[in-house]
1. Enumerate the pairs (first residue in the stretch 114-130 and closer than 16 Å to L77 by Cα; second residue anywhere and surrounded by fewer than 16 Cβ atoms within 10 Å (Cβ to Cβ) and among the polar types (S, T, N, Q)) with beta-carbon separation below 7 Å, excluding pairs fewer than 6 apart on the same chain, so at least 6 apart or on different chains.
2. For the stretch 115-133, check the following and say yes or no: at least one residue is of a type in the set (S, T, Y), out of contact with any His (no Cβ under 9 Å at 6 or more places or on another chain) and surrounded by 19 or more Cβ atoms within 10 Å (Cβ to Cβ).
Amino acid sequence: MELTVPLETVCRLIVRARELEAQVPAIETEEDEDPTDSDDPYAVLEDEANTAIEDEVRALLEDMADDEIAEVLALALIGRGTYDTSEWDDALDEGSDPEDALDQLLDMPLLAAYLDAGLAAFDLSCEGIGQID
């Protein structure tokens, strides 16, 4: 398997997705819950700064070619354990509709971890890529 999406792009996406994930609060138990708080743990994402990070993640994905989006989704699905490395082509097929693939990626709460694990499954990593802004 050889990626057409640059590894640096995947690594940049991982960094931004981690920033976004860091903004989502831990889900509280019922005993800790304040009835005046929102039941939606992602409600914090409505904050302006968080929306900027989310917009940047979306922009990174939308700037990719269709085959690159399919590869990113395939990496995430392999990292999540939906497929293994021998099923790369099947995982790629999941991303055949770029809009659906984009939605799937944006809906993954652990996107950074899945992408990191997907890269590791193919003995790839962001280590040594350098500073990613």
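1. Going by the 7 Å Cβ cut-off, the qualifying pairs are L119/S125; A121/T85; F122/T85.
2. Looking only at the stretch 115-133, we keep the residues that are of a type in the set (S, T, Y), and these are 125.
Subsequent filtering for residues that are out of contact with any His (no Cβ under 9 Å at 6 or more places or on another chain) retains 125.
Now narrow it down to the ones that are surrounded by 19 or more Cβ atoms within 10 Å (Cβ to Cβ): none.
Within the stretch 115-133 (the criterion being of a type in the set (S, T, Y), out of contact with any His (no Cβ under 9 Å at 6 or more places or on another chain) and surrounded by 19 or more Cβ atoms within 10 Å (Cβ to Cβ)), the answer is no, since none of the residues qualifies.
Since every read-out is calculated from the coordinates, none of them should be taken as a lab result. Keep in mind that this is a model prediction, so the values were computed, not measured. Glycine also receives a Cβ, built like all others from the backbone with ideal geometry; neighbour counts cover every protein chain displayed.
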